[in-house]
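Colleague: My questions will all concern the structure given below.
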Amino acid sequence: MLVTGFEGYGGRGINPAGEIAKSLDAKRIAGVTIKSAVLSVSYVELAPRLSALIDEHKPAAVICLGLWPGEAMIRLERFGVNKNDFEIPDNVGTLQHAEIETGGPTARAASLPLEEIQARLLAQGIPARLSSTAGNFLCNALLYTALGLLEKKGLKIPCGFIHIPYLPEQVAEIIQTTKVEQQLELHQRGDLSSMPLETSVAAVRTAIEVTLRGLS
């Protein structure tokens, strides 16, 4: 099974999605070996890197991970839409405001068992919700691109995207920075939610288990 995360971006240093991916690499879950990769936050590298990973590992399923700043819980994405509308540049300075795939479908639906994953997470006491927007940055682009690549390669395997909250230490840094800068009142910040890394890892493991169980 292929699991991807992203490197840090936007001056945030680490990215919990990348940390989760690294922690799961080579692990055995439900009898299947996890192969993980941390992707560069580079739009032009996205499709070629993912295509190469799929060709190399020939996975039974693909789960992509990303950070959603300010999200208070695990966010299970339903759709990738054919639109880039970057609010900030990627790590190589690219700003995109155009279709991801010229003439491609308006949206592609994730094929993970999202409702079952959410039910399992809630039963475990891990907050999770279904989401109908993956944003307009690289997370959405990755979901839309991954689903398109699998179609082109003729691979009918589960694929989807999960957004992860900040780590607590990242929010602590935000609070400290806001205090030092004295330019914005703390209660005006909309990105103070967080989740411990071990909880996020447990959530992704559950998503993997549910997905693999569906295959068997």
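The values are calculated or read from the model by the stated rules, or taken from the named source; none is laboratory data. Owing to the predicted nature of the structure, the values given are computational and were not obtained by experimental measurement. Cβ atoms come from the backbone with ideal geometry, glycine included; neighbour counts cover every protein chain shown. When the accessible area is computed, the model is the full protein with side chains, heavy atoms only, and any ligands, DNA or RNA have been set aside. Shrake-Rupley method; radii C 1.70, N 1.55, O 1.52, S 1.80 Å.
Colleague: Quick one: what are the phi-derived ³J(HN,Hα) couplings along the stretch 201-209, Karplus 6.51/-1.76/1.60 with θ = phi - 60°, whole Hz, x for glycine and proline?
Modeller: Karplus values, whole Hz, x for Gly and Pro: 4, 4, 5, 5, 4, 4, 4, 5, 4.
Colleague: What accessible area per residue comes out for the chain, rounded to a whole number of Å², with a 1.4 Å probe?
Modeller: Roughly 46 Å² per residue, with all protein chains present.
Colleague: Distances longer than 23 Å among the Cα atoms of the chain: what percent of all pairs is that?
Modeller: 44 percent
Colleague: Then there's this: Over the stretch 127-203, what per residue volume does the convex hull of the Cα atoms give, in whole Å³?
Modeller: 129 Å³
Colleague: Tally up the carbon and sulfur contribution to the accessible surface of the chain as a whole percent, 1.4 Å probe, everything protein left in place. Mind dumping the intermediate values first?
Modeller: Working: 5120 of 9930 Å².
So the carbon and sulfur contribution to the accessible surface is 52 percent.
Colleague: Give the residue from His187, Asn84, Leu122 lying farthest towards the positive end of the charge dipole for the chain; charges sit on Cβ (+1 for Lys and Arg, -1 for Asp and Glu) and the dipole is referred to the Cα centre.
Modeller: Value: Leu122.
Colleague: Something else now. With all protein chains present, calculate the accessible area of Val180 using a 1.4 Å probe and round the result to the nearest 10 Å².
Modeller: Roughly 100 Å² of Val180 is accessible to a 1.4 Å probe.
Colleague: Charges only on Cβ, +1 for Lys and Arg, -1 for Asp and Glu: so what's the dipole of the chain about the Cα centre, in debye to the nearest 20?
Modeller: The calculation lands at about 760 debye.
Colleague: Can you tell me which of Glu198, Glu181, Glu71 moves the most in a GNM of the chain? Springs connect C-alpha atoms under 10 Å apart.
Modeller: Among Glu198, Glu181, Glu71, the largest GNM mean-square fluctuation belongs to Glu181.
Colleague: Related question: Tell me the relative contact order for the chain as a rounded percent, counting alpha carbon contacts under 8 Å between residues six or more apart.
Modeller: With pairs under 8 Å counted, the relative contact order is 26 percent.
Colleague: Same structure, new question: Using only helices, what value at 222 nm comes out for the chain when you add -39,500 (n - 2.57) per DSSP H run of length 4 or more and divide by the total residues, to the nearest 500 deg cm²/dmol?
Modeller: Result for the chain, helices only: -12000 deg cm²/dmol.
Colleague: In the chain, how many lysine pairs have Cα atoms under 18 Å apart, counting only pairs 8 or more places apart or on different chains?
Modeller: So the count works out to 7.
Colleague: Using the Karplus curve 6.51 cos²θ - 1.76 cosθ + 1.60 with θ = phi - 60°, what ³J(HN,Hα) values do you get for each residue of the stretch 187-197, in whole Hz, with x for Gly and Pro?
Modeller: So the Karplus estimates, Gly and Pro as x, are 5, 7, 6, x, 10, 9, 6, 8, 8, x, 4 Hz.
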